[in-house]
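Here, each number is a calculation from the coordinates, and none is a lab measurement. Computed from a predicted model, the values in this text were never measured in an experiment. Cβ coordinates were reconstructed from backbone atoms using ideal geometry, including for glycine residues, and neighbour counts include every protein chain displayed.
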Amino acid sequence: MARGSLRKKSIFGFALVMVMLGSLLSGAVYGLRSFDRANQKLVDQLPELGAATALLKQAAHLDARDAGSPEGKSRLHQDLIRVRQALQVYFEVLRKNTTRFADMESKREELDLAFRADAEVTELFRLIEPADPIFYQFNATKVYLANHPEVLLFYDDKGRVIATPTIADRVERLNAYTSDLPASLHRGLMEILDESGSTYKASRSIVVLSTVCVAGLLFLLVRLFHRWVLKPVYYLHAGVLQVARGNFSHRIELKSSDEMQALADAFNSMANRLGVMYADLERQVDIRSRQLVRSERLAGVGFLAAGVAHEINNPLASIAFGAEALESRINRWSDQCPPSELKPIKSYLAMIQEEAFRCKRITERLLDFARGGDTRRERTDVVSLVQSVVEMTRHMGKYRGRTIRFQPRSPLFCEVDGQEIKQVVLNLVVNALEAIESGGHLIIEAHANQGMAEVSFTDNGHGMPPDVVEHVFEPFFTRKRSGKGTGLGLSISHRIINQHGGELLAESPGENLGSTFTIRLPLGEDFNDSRPSAVAQAGAA
């Protein structure tokens with residue numbers, strides 16, 4: 001047998017099964033239909049036989065001996081009415097059976113006898129009541145007599161036509177017609193039984209032949225199934241076990257020219273690439289390990305910073321309060337101090353207050369970095385958050401001359417705290433704008449990747465060397481040119497993204513080559529149902 005795809009082989013096997021079922025069903029259906037037809041004929045013959053028997057009994061009561069007297073004619077008239085009623089019942093049953101089985105030939109003899117009996121009853125009525133208009137009981141009787149006019153004729157012993165048959169002659173012939181009805185029905189029953197016997201033999205032959213064919217087809221189907229499915233699956237299973245034990249040199253050899261062979265070839269190719277995959281996996285493990293160490297180091301530094309911030313927060317408050325109290329007293333003694341000495345003192349006190357409050361703000365940020373606080377997460381479109389930050393920073397005067405291009409593809413819905421993510425985005429945008437010169441640009445892209453929402457911030461600013469990338473998320477680490485950075489913005493952003501189950505990644509090809517910061521957040525389960533939103537247009541910040 002020619003080889004082909006597994007689909008074609010499955011279709012061939014399905015066809016064999018259908019042939020088997022068809023063979024069995026054909027014999028069974030043929031036998032059942034034949035039995036049902038024969039049984040229905042027998043059942044329907046019983047009412048017809050009963051009606052014929054009733055008609056025969058009524059016809060047997062006809063007595064033409066006293067037909068010459070008025071009393072005899074009256075009795076004969078009543079008997080004829082009963083005969084006509086019985087004939088009507090019989091004809092209705094006969095017509096029903098003839099119409100149901102559409103078998104006019106098998107009922108031809110009974111119909112002939114019914115039409116002849118109707119003709120004789122009508123002629124008897126005409127002989128008894130010659131003055132009354134008497135019509136045939138059935139419309140078809142008139143048509144039948146037109147085609148068989150000899151039915152109304154009577155002949156003597158010498159074969160001559162009798163011109164005026166008597167009432168007794170017609171009664172006698174009517175009895176003959178009704179007497180023939182049961183015999184005709186009995187012959188019909190025997191024909192049905194003979195037909196049933198022949199049908200039974202034919203059905204039995206069909207069933208036996210179908211069983212033999214089905215047995216042969218079933219044997220063929222089992223052989224083909226073992227050859228096309230079981231044997232290749234066995235080889236595939238054995239090969240998988242070999243590879244699972246570490247024998248990556250094992251190869252599965254199949255020559256079935258179908259999907260099983262394609263699967264074996266794909267498995268062999270996969271085994272060849274396992275070495276490369278292991279090397280890549282080791283590299284990823286190394287990267288993740290470094291990230292884990294960084295996270296642990298950030299956690300330790302955050303804990304230490306929280307303790308330091310808590311310890312110096314109260315002294316800073318005391319210093320600020322003392323400076324403010326001194327300034328209040330000096331204002332009261334201003335009339336006793338020369339102006340040349342009063343002005344430097346106020347300037348120094350103001351400086352003390354300003355720097356104390358600046359230190360206090362730093363300690364508060366350190367505490368926020370360590371605590372993290374409670375978050376209220378809800379389904380939020382990250383693209384809309386980024387868009388709102390872009391619109392806000394675009395109108396800040398100190399960043400004029402720098403361009404922001406934001407080109408989202410579609411909404412990205414995540415379960416996040418919108419304010420915290422907005423804080424992270426604002427921090428990254430501000431850092432990028434401060435890292436680029438006038439005329440530079442910041443490109444923001446947002447898209448879905450493997451179940452994660454990715455938002456990247458790429459600038460063409462001063463960039464970072466590898467040692468800076470390694471420590472960029474550590475607290476107090478900053479390289480802002482203004483010297484005003486505290487080094488906590490990226491640390492807090494890194495902590496916020498980690499608390500949301502995401503990642504904040506930093507990349508830079510080197511100094512003066514720009515930087516890329518990427519936020520990765522888990523997408524919500526229904527992010528595929530999001531509808532595309534309008535693309536944010538580029539604008540000059």
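Loop-only check: which GluC sites (Glu not before Pro) in segment 425-475 are DSSP coil with at most 10 other Cβ within 10 angstrom?
Answer in residue order: E437.
Over all pairs of different C-alpha atoms, segment 413-522 has a mean inverse distance whose reciprocal, the Kirkwood radius, equals 14.2 Å.
For segment 257-266, 3J(HN,Hα) computed residue by residue from phi via the Karplus equation (6.51, -1.76, 1.60; θ = phi - 60°) reads 6, 9, 5, 5, 5, 4, 5, 5, 5, 5 Hz, glycine and proline entered as x. Near S256, the amide H atoms lying under 5 Å from its own belong to Q261; only residues 5 or more places off or on other chains count, and H is placed 1.01 Å from N.
By the gyration tensor of its Cα atoms, with a ≥ b ≥ c the square roots of the eigenvalues, what is the shape of segment 96-167: rounded for a/c under 1.5, prolate for a/b over b/c, or oblate? It comes out oblate by the Cα gyration axes.
A simple rule links phi to the HN-Hα coupling: the Karplus curve 6.51 cos²θ - 1.76 cosθ + 1.60 with θ = phi - 60°, which for segment 133-143 gives x, 10, 10, 5, 5, 10, 5, 6, 5, 4, 5 Hz, with x for Gly and Pro.
Given the pairs K9/K231; K231/K255; K57/K142, which span a C-alpha to C-alpha distance of over 19 angstrom in this model? With Cα atoms farther than 19 Å apart: K57/K142. Residues whose amide H comes within less than 5 Å of that of H441, counting only those at least five positions distant or on another chain, are T403, N460 (H built at 1.01 Å from N in the peptide plane). Considering every Cα-Cα pair within segment 205-282, what fraction, in whole percent, is farther apart than 14 Å? Percent of Cα pairs beyond 14 Å in segment 205-282: 70. Close amide-amide hydrogen proximity is noted between Q407 and I444, A446, each under 5 Å apart and 5 or more residues distant or on a separate chain (H modeled in the peptide plane; Pro and chain starts excluded).
In sequence order, segment 9-23 has phi-based couplings of 5, 5, 5, 5, x, 4, 4, 4, 4, 5, 5, 5, 5, x, 5 Hz under the Karplus curve 6.51 cos²θ - 1.76 cosθ + 1.60, θ = phi - 60°, and Gly or Pro positions carry x.
Spatially, segment 185-232 and segment 49-122 are offset by 47 Å when compared through their Cα centroids. Assuming a viscosity of 0.692 mPa s and a temperature of 37 °C, what translational diffusion coefficient in µm² per second does Stokes-Einstein assign to segment 104-248, Rh being the Kirkwood radius over Cα pairs? Approximately 147 µm²/s, per Stokes-Einstein.
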